[in-house]
Amino acid sequence: MIVAEIKPLEEIKEMVKDKKGVLLVGCNTCTAVCFSSGKRELELLQTQLDLSLENPKPAFWQVIVRRACEPEMVTEISDYTREVEAILCLSCGIGVQTLSDIFPKKQVFPALNTSFLGRPEKLGFWQEVCVACGDCILHLTGGICPLSRCAKGLLNGPCGGSHEGKCEVSPDIPCAWEEIFTRLKEKNQLNMIRKTKEPRKVIRKPRYLLREDIFEDEK
Amino acid sequence: MKSNLERVLREKKFAVTAELGPPRGADPDNVREKARILKPYVDAANVTDNQSAVVYMCSLAASVLMIEEGLEPVFQITCRDRNRLALQSDLLGASALGIRNVLLLTGDHPSIGDHPEAKGVFDLDSQQLIQLTKKMREEGKLLNDRELTKSPDFFIGAAASPFNEPLEAHMMQMEKKVESGVDFFQTQIVYDLEKFKKWVSEVHERRIDEKAFIIAGVAPIKSLGMANYMKNYVPGVSVPDAVIKRLEKASDKKKEGIKICLEVIDEVKKIKGISGIHIMAIGWEEAVPEIVESAGLFPRPAFKE
Ligand code: SF4
C-alpha cells in the first residue's frame, strides 16, 4: 500500500489560516489503513486546527472518498466543495493531484507527506518494500526487493559496507543483500545471484500504462 | 603501454601503493607536495574519489597533477556521483590524460558523508562498472555497443572486503568481480591478521589469486581515538582488542602505530597469494617513506622504457 503521514500541524496551519472555508477530504484506502486519512484523523486534525488557529479562522467541513486517486469517486463529492475556498486533502500525492484536476478553481493543499510503497511490520511501524521500478526481479532475489530495501538499490550483491547483517547507513537497518543471500542459501538458489546482472533497462520518464484488453477510447 | 603498477606485479615484485587524499580546496600544490613525498617510495598511488562521501577536489584532476609530478595514479571512481554517461566519459577522459590504473567502486552512501541530503546515483554498481570498463578496453565499445574511436587502456582494480561477514557472500562478490574483468584487488585495511589469513586461504581455495593480484591494505594508526573510530565506525575494518591495548599503553602513540603497521606488513609479506601492500595513510602521507624503508621495501623497482 501507499504509506503516508500527516504533516506537522504548523505547516498545515500556514496553508489554511487565511481561508474562509476549508473542506477536509479524507481517503478511505491505503492512507486510511496506515492511520493518516480516515475518520479519526480528520476529526483530530479539524479539532487541532480549530483550537490552535487564531480568529478569524476558517469554517471547516469534512468528507471522505473511497479512493481519492480515482477521478470518478472524487467527482462524487462535488457538492461538498461548492461553498469552500480551499480543500485540505488527506490522501497520498495521487489523490491531491486528482482533486486539483477535478476542482481546478479551488486551492488544494496536501495534508500528508506521501512516504513510500510499503507494508506494516508492526503496529505503528512501516517499511518501504517496492519502488514501482517497472521491471520486477523478485523471483531472482528470494522475494526481497533490493531496489527499495538496499540503501543503494544495488542489483549485484552486497557492497563493502554490509557487515553482520547491517547496512553501512545505520546499525538499525538490515542489509537487504545479506537478507537475500541468506534466503537464497536456505532455498539452495544461490546460483540466482552468481552472475552479474546487467544494468537496468527501464527508462525513467513520465510513465503511463495502457492495457489494450480493457482500454476504451471514447471518440 | 602497461602501467608501472602492472609491470611490478607481472614481474612478481612485491608491490607498494599508497593513498593520496585530495584537499578540500582548489589547491594544486597540496596534491603536488604529497605526490613528491610519496613518489620515490611507491609504485603508484590511489587518488580517492570524494572519500566517505565527503567533498574534495575531484580525483581526475588530482590524478593529472600527480602525473605531472611523475607519480603514477590509481584513479578511483565511484558509482555514487555519476550515472552511466558520466562514468563512461570520465573513464575515456582519464585514459586520454594518461591514467593507466583505475579502481572501480560502488562508493559509500551519501547519508554517511558531509552532504547527507545528496542524491546517490548508483545507476550502475561496481560489478557492472567493471564489466563495462573491460568491454571498453577489450571490445572498444560503450555499454550501448557504440564503437569508440580509441579504446581506453586500463589496469582494472576493485576493492575486496576480507573482514565482512558472512564470508561466503563477500567471496561470491569477489568471484563475480574476477569474472567481470578485474586485474587486481586492493583490500580493506588489515589489523586482524588471523582473520585475514583465514580469508586468504579461502581466496586461494577458490583460485581467485590465480586470476587477479591481491594487494593487502595496511594503515598506521596515529592515535587511540583513530583506532577506536576505525573499530567502531569504519565499515569493513576489524581492529583487534590487542591493538587497542598496545596503543593505550604506549607513551608515543604514533611510533607504536607505525610499529604495529610494520608488524602487519611483515606478516602479510609471508602470505602466499598476496602480491603487495597498499598503505592508507590519508592525512599522514609523511609516514609512508619511513614505513616503506623500515619494511625493507625500498628502493622500488625501476623499469627502462
Ligand atoms: S550495506 Fe547492504 S543494504 Fe546497505 S547499501 Fe550495502 S548492500 Fe545495500
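Out of all the residues in the range A:156-168, is one or more within 10 Å of the ligand (Cβ to nearest atom) and under 23 Å from the mean Cα position of the chain (by Cα)? For the range A:156-168, residues within 10 Å of the ligand (Cβ to nearest atom) and under 23 Å from the mean Cα position of the chain (by Cα): absent. Sub-8 Å Cβ pairs linking a first residue in the range A:140-168 that is more than 8 Å from chain B (Cβ to nearest Cβ) and touching a residue at least 24 places away in the same chain (Cβ under 8 Å) to a second residue that is among the polar types (S, T, N, Q) and in a loop (DSSP other than H, G, I, E, B), at least 6 apart or interchain, are A:G142/A:Q189, ordered by first then second residue.
Test B:E267 against the stated conditions and say whether it is open to solvent by less than 70 Å² (accessible area, probe 1.4 Å) and of a type in the set (D, E). Let's see the steps before the verdict.
Details: open to solvent by less than 70 Å² (accessible area, probe 1.4 Å): yes; of a type in the set (D, E): yes.
Spelling it out, B:E267 is indeed open to solvent by less than 70 Å² (accessible area, probe 1.4 Å) and of a type in the set (D, E).
Can you confirm whether the range B:144-156 contains a residue that is hydrophobic (A, V, I, L, M, F, W, C) and out of contact with any strand residue (DSSP E or B) (no Cβ under 9 Å at 6 or more places or on another chain)? Among the residues of the range B:144-156, not one is hydrophobic (A, V, I, L, M, F, W, C) and out of contact with any strand residue (DSSP E or B) (no Cβ under 9 Å at 6 or more places or on another chain), which makes the answer no. Scanning the range B:213-233 for residues that are closer than 30 Å to B:V8 by Cα and open to solvent by less than 60 Å² (accessible area, probe 1.4 Å) yields a total of 9.
Looking at B:S95, is it small (G, A, S) and facing chain A (nearest Cβ under 8 Å)?
Here the answer is no, as B:S95 does not meet what is asked.
Please verify whether the range B:134-142 includes one or more residues that are open to solvent by less than 10 Å² (accessible area, probe 1.4 Å), at pLDDT 95 or above and closer than 24 Å to B:T187 by Cα. No, there is no match, as no residue in the range B:134-142 is open to solvent by less than 10 Å² (accessible area, probe 1.4 Å), at pLDDT 95 or above and closer than 24 Å to B:T187 by Cα. Residues of the range A:193-219 that are open to solvent by less than 100 Å² (accessible area, probe 1.4 Å) and either within 12 Å of chain B (Cβ to nearest Cβ) or of a type in the set (F, W, Y) (or both): A:I193, A:T196, A:K197, A:P199, A:R200, A:V202. Would the range A:191-208 turn up any residue that is hydrophobic (A, V, I, L, M, F, W, C) and near the ligand (Cβ under 9 Å from one of its atoms)? Checked against the condition, which is being hydrophobic (A, V, I, L, M, F, W, C) and near the ligand (Cβ under 9 Å from one of its atoms), the range A:191-208 yields no hits at all. Annotation note: Cβ proximity below 6 Å between a residue of the range B:95-117 that is open to solvent by less than 20 Å² (accessible area, probe 1.4 Å) and a residue that is of a type in the set (F, W, Y) (sequence gap 6+ or interchain) occurs for B:I99/B:F75; B:N101/B:F155; B:V102/B:F75; B:V102/B:F154. Counting the residues of the range A:66-108 that are in a loop (DSSP other than H, G, I, E, B) and farther than 22 Å from A:L44 by Cβ gives 10. Select, from B:E179, B:E168, B:E210, the only residue that is farther than 23 Å from B:R100 by Cα and either away from every other protein chain (no Cβ under 14 Å) or open to solvent by 10 Å² or more (accessible area, probe 1.4 Å) (or both). B:E168 is the lone residue from the list that is farther than 23 Å from B:R100 by Cα and either away from every other protein chain (no Cβ under 14 Å) or open to solvent by 10 Å² or more (accessible area, probe 1.4 Å) (or both).
For A:E186, the conditions (1) away from chain B (no Cβ under 12 Å); (2) closer than 28 Å to A:C69 by Cα; (3) more than 16 Å from the ligand (Cβ to nearest atom) all hold with the exception of (2).
The set of residues in the range A:169-183 that are open to solvent by less than 30 Å² (accessible area, probe 1.4 Å), at pLDDT 95 or above and either near the ligand (Cβ under 6 Å from one of its atoms) or more than 7 Å from every other protein chain (Cβ to nearest Cβ) (or both) comprises A:C175, A:A176, A:W177, A:I180. For the range A:29-50, the candidate set comprises residues that are surrounded by fewer than 19 Cβ atoms within 10 Å (Cβ to Cβ) and farther than 17 Å from A:V65 by Cβ; within that set, the residue that is farthest from the chain's Cα centre (by Cα) is A:D50.
When residues of the range B:66-85 are filtered for being in a helix (DSSP H, G or I), in contact (Cβ under 8 Å) with a residue 24 or more places away in the chain and away from chain A (no Cβ under 11 Å), how many remain?
Start the filter on the range B:66-85 by keeping residues that are in a helix (DSSP H, G or I), which leaves B:66-68, B:84-85.
Of the ones still in play, those that are also in contact (Cβ under 8 Å) with a residue 24 or more places away in the chain are B:66-68, B:84.
Then drop every residue that is not away from chain A (no Cβ under 11 Å), which leaves B:66-68.
Looking only at that region, the number is 3.
Confirm whether A:L190 is free of Cβ contacts under 8 Å to residues at least 12 places away in the same chain, open to solvent by less than 30 Å² (accessible area, probe 1.4 Å) and over 16 Å from B:Q127 (Cα atoms). Even if it seems obvious, please write down each step before you answer.
Details: free of Cβ contacts under 8 Å to residues at least 12 places away in the same chain: yes; open to solvent by less than 30 Å² (accessible area, probe 1.4 Å): yes; over 16 Å from B:Q127 (Cα atoms): yes.
The answer is yes for A:L190.
Looking across the range A:107-123, the residues that are of a type outside the set (A, V, I, L, M) and without any contact (Cβ under 8 Å) to a residue 60 or more places away in the chain come down to A:E121, A:K122.
The values are calculated or read from the model by the stated rules, or taken from the named source; none is laboratory data. Worth saying up front: this structure is predicted, and the values here are computed from it rather than measured. Ideal geometry is used to build each Cβ from the backbone, glycine not excepted, and the neighbour counts take in all protein chains shown. Ligands, DNA and RNA are stripped out before the accessible areas are found, and what is left, the full protein with its side chains, is counted by its heavy atoms. Shrake-Rupley method; radii C 1.70, N 1.55, O 1.52, S 1.80 Å.
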